[in-house]
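Visitor: Once you've had a glance at the structure underneath, I'll fire off some questions.
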Amino acid sequence: MEKNEKIEITERFVKRSLKAYDSGHDWWHTDRVRRTALYINNIEKCCDPFEVEIVSLLHDVADSKFSGNDRDNRIADLKKFLSGNGMEELQESVVDVINNISFSSSGKSVSPASPLLQIVQDADRLDAIGAIGVARAFNYGGFRNNPIYDPSGNTKSTISHFHDKLLRLKGLMNTETGKRLAEERHTYIESFLNRFMQEWNGEL
Ligand code: ADP
Ligand code: NI
């Protein structure tokens, strides 16, 4: 099977697998991560572009936040999909990235991040900041029925998510290119938060 054909088959597999997720985890998130990961790899030149593409396409298909107990089945399906389509040799790197990409699992991994994981993780994190990051955060918050902001700090709001997680992502970038791309997106969410608080406090 040609590489192009493998990519198309993987795209179709991903579109089927992502159906149950909120729209911040939809196909277009995956598509943006793929594009950003390929861009980073093109500059860093550390991995095989085909491998970067397949792994970034598959990075969210077994997200534990959404697949819950079904996760093991999803990993098994994924392995079957790869071996059934001539990509058996990618099984290990795909599962490694899926298991270690998430913010919540970062640091828990026993071995240092592979170059492939570093690139796809940077691309995934970049999609959580900047204007897209703002849109995704409020979309997820709405999906969970969280308040946009709670001045008392007693409930988890979407604004608190910016402080707990999103403002920290810039400092967690793995690659030089990822760091560079994170700068502007970080500045953007900082100014968004300032503006939000000014409007909230009636200062404008
Ligand atoms: P990862 O899969 O990298 O661990 P998440 O799945 O936690 O990342 O986040 C995916 C998207 O959902 C991000 O854009 C993130 O900001 C958003 N998100 C996750 N948790 C929350 C939350 N509690 N409130 C608002 N947005 C959230
Ligand atoms: Ni993702």
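Visitor: Quick check on this structure: which one of Asn146, Asn139, Asn174 is away from ligand 2 (no atom under 16 Å from the Cβ) and open to solvent by 40 Å² or more (accessible area, probe 1.4 Å)?
Guide: Step by step, each of Asn146, Asn139, Asn174 is checked, and only Asn146 is away from ligand 2 (no atom under 16 Å from the Cβ) and open to solvent by 40 Å² or more (accessible area, probe 1.4 Å).
Visitor: Can you run down the residue pairs with Cβ atoms below 6 Å, 6 or more apart or on separate chains, where the first is in the range 129-140 and more than 13 Å from His29 (Cα to Cα) and the partner is open to solvent by 60 Å² or more (accessible area, probe 1.4 Å)?
Guide: That search, which allows pairs on different chains as well, returns Gly130/Arg185; Gly130/Tyr188.
Visitor: Oh, and also: Restricting attention to the range 42-68, which residues are surrounded by fewer than 21 Cβ atoms within 10 Å (Cβ to Cβ) and at pLDDT below 95?
Guide: Cys46, Asp63, Ser64, Lys65, Phe66, Ser67, Gly68, listed by residue number.
Visitor: While we're here: If a residue must be assigned to a helix (DSSP H, G or I) and either at pLDDT 95 or above or open to solvent by less than 30 Å² (accessible area, probe 1.4 Å) (or both), how many such residues does the range 101-128 contain?
Guide: Total satisfying the criteria: 13.
Visitor: Could you tell me how many of the residues in the range 13-41 are more than 15 Å from ligand 2 (Cβ to nearest atom) and either over 10 Å from Ile119 (Cβ atoms) or modelled with pLDDT under 95 (or both)?
Guide: 3
The values are calculated or read from the model by the stated rules, or taken from the named source; none is laboratory data. If you're wondering where the values come from, they're calculated on a predicted model, not measured in any experiment. Neighbour counts are summed over all protein chains in view; Cβ atoms, including those assigned to glycine, are modelled from backbone coordinates with ideal geometry. Surface accessibility is based on the protein's heavy atoms, side chains included, excluding ligands, DNA and RNA. Shrake-Rupley method; radii C 1.70, N 1.55, O 1.52, S 1.80 Å.
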